[in-house]
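The values are calculated or read from the model by the stated rules, or taken from the named source; none is laboratory data. These numbers were taken from a predicted model, which means no experiment stands behind them. Heads up, the Cβs are rebuilt from the backbone with ideal geometry, glycines too, and the neighbour counts pull from every protein chain shown.
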Amino acid sequence: MSRTKSKPKPKTRWPREFKLRAVARMDEAANITALAKELGVERKLLYIWRDKFQSGGAGALHPIGRPLKAARFLEEASAPPSPASADSRQRIEELERKIGQQQLELDFFRAALRQVREQRLKKGEPGGTTSSW
């Protein structure tokens, strides 16, 4: 019994205006399945669009394709910093200062330990290299 694998259906991208009209027609439609067939989309997709529209308005229905990285960056940069963001930034700066202080202390103690080891080796005190016999 040979099975032929069907090619996956390519994703169709719908413009925001189409989605808005489809959501508006859902309110008037008596049969959502018939509306989905008429529009050429899956019924499940209509409900997804409606839920997104209800939760976030027209802006929640993304336009065709992915937003450009530069556009996303500009949106994030142009947004006013929230108080939580300012608090987070301040906390990050505080932690970075603490890391710097700890690094200085670590460097100091490494240098001190190196000097102690060198002095012990010169004096022949315990803690130096041991005999291998």
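Just a few scattered comments:
- Within region 38-54, being part of a helix (DSSP H, G or I) and surrounded by 12 or more Cβ atoms within 10 Å (Cβ to Cβ) holds for E38, L39, R43, L45, L46, Y47, I48, W49, R50, D51, K52, F53.
- Residue match in region 82-91 (condition: modelled with pLDDT under 85 and part of a loop (DSSP other than H, G, I, E, B)): yes
- All conditions in (1) surrounded by 10 or more Cβ atoms within 10 Å (Cβ to Cβ); (2) under 30 Å from E28 (Cα atoms); (3) at pLDDT 80 or above hold for P63, with the sole exception of (3).
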